[in-house]
1. If you scan segment 22-43, which residues turn out to be more than 17 Å from residue 177 (Cβ to Cβ) and in a helix (DSSP H, G or I)?
2. Anything in segment 125-147 that is outside any strand (DSSP E or B) and within 16 Å of the ligand (Cβ to nearest atom)? List them, or say none.
3. Among 97, 122, which is the only one that is surrounded by 10 or more Cβ atoms within 10 Å (Cβ to Cβ), within 30 Å of residue 160 (Cα to Cα) and more than 16 Å from the ligand (Cβ to nearest atom)?
4. What is the one condition in (1) within 13 Å of the ligand (Cβ to nearest atom); (2) part of a strand (DSSP E or B) that residue 164 does not satisfy?
5. Looking at segment 242-271 only, could you name the residues that are over 24 Å from residue 137 (Cβ atoms) and in a loop (DSSP other than H, G, I, E, B)?
6. Select from segment 119-166 the residues that are over 19 Å from the mean Cα position of the chain (by Cα) and free of Cβ contacts under 8 Å to residues at least 24 places away in the same chain and list them in ascending order.
7. Among what's in segment 198-222 and is within 16 Å of the ligand (Cβ to nearest atom), in contact (Cβ under 8 Å) with a residue 60 or more places away in the chain and not in a strand (DSSP E or B), pick the residue that is surrounded by the fewest Cβ atoms within 10 Å (Cβ to Cβ).
8. Does residue 177 count as within 12 Å of the ligand (Cβ to nearest atom) and either closer than 17 Å to residue 33 by Cβ or surrounded by 20 or more Cβ atoms within 10 Å (Cβ to Cβ) (or both)?
Ligand code: CUA
């Protein structure tokens, strides 16, 4: 009873969690990798249902037909030993079923393992960190985090490594999972077939905030992507904000040594997330809505949002007033009009 209730609860939570977020499902594939996985899910489910139903039917027939009847309490049925035909049949059928599953699985595995990037393809260095993602567009002078912009309909090669423990990169609607290890680089390509914002999750338990290590893949048209690249390359990290309160925030951002961990612009520094296009993001720390109140809370008490993060306790004290000003500064860092809102009109 308890176990069943637990399973039901888990299943409900799983279904609800998938519904709560847009584009976080493996059952509505919008990318090449996800399509391959989805086809295998359907195939294996059909094969398993066939086995389950056949066994249940035979089981039911045997239960009814050979049950103990009245007046037969001491009846011993005919004893049988060995049957070559039967044994051959129940050996050959599973072999056939396994082949039906194995051939497409191995084929898909090899298709997805094709890591030979063309010389002109887009390569992104992905770094997994507790509990955020860094993206370095190779040869483009673009460093960013949390939101991975890609052009739709193109293979984008991700060269992935971790700065600390093992993470796993997973954007279920467009691709399969890939472990992100500290020792070696793993490469995977993703390809989105439709424009849109695709939710990503860390899929390897990596610490207290593992479940909050969310990110997004934002697939836009090639034109919009080129525009985004240009916007990001033109960022002046020292640019003075328009609003006076944001200017004060900029001063505080430097005074409080925020720059010793965070970078704005194409600096490769990455103790903490790169904030170049922070104001363009829809989420704060991957999970909270990006607004001034949440950002103030994050600056004053990041532990309350992401337990175990590296920012907690690693910067001078910040008053609520100062946090508000820093928030004003960060939220106006919006170098590009190509934002998640403009991607995928659905
Ligand atoms: Cu990173 Cu779980």
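All of the numbers you see were taken from the coordinates with simple rules; none came from a lab. This structure is a prediction, so every number in the text was calculated from the model and none was measured. Positions of Cβ are backbone-derived with ideal geometry, glycine not excepted, and every protein chain shown enters the neighbour counts.
1. Listed by number, the residues that qualify are 42, 43.
2. Filtering segment 125-147 down to residues outside any strand (DSSP E or B) leaves 130-131, 138-141, 146.
Scanning segment 125-147 gives 130, 131, 146.
3. Working: 97 fails: within 30 Å of residue 160 (Cα to Cα).
Answer to the check: 122.
4. (2)
5. 242, 243, 256, 257
6. Passing the criteria: 119, 120, 138, 139.
7. By that ranking, first place goes to 208.
8. So residue 177 fits the description; yes.
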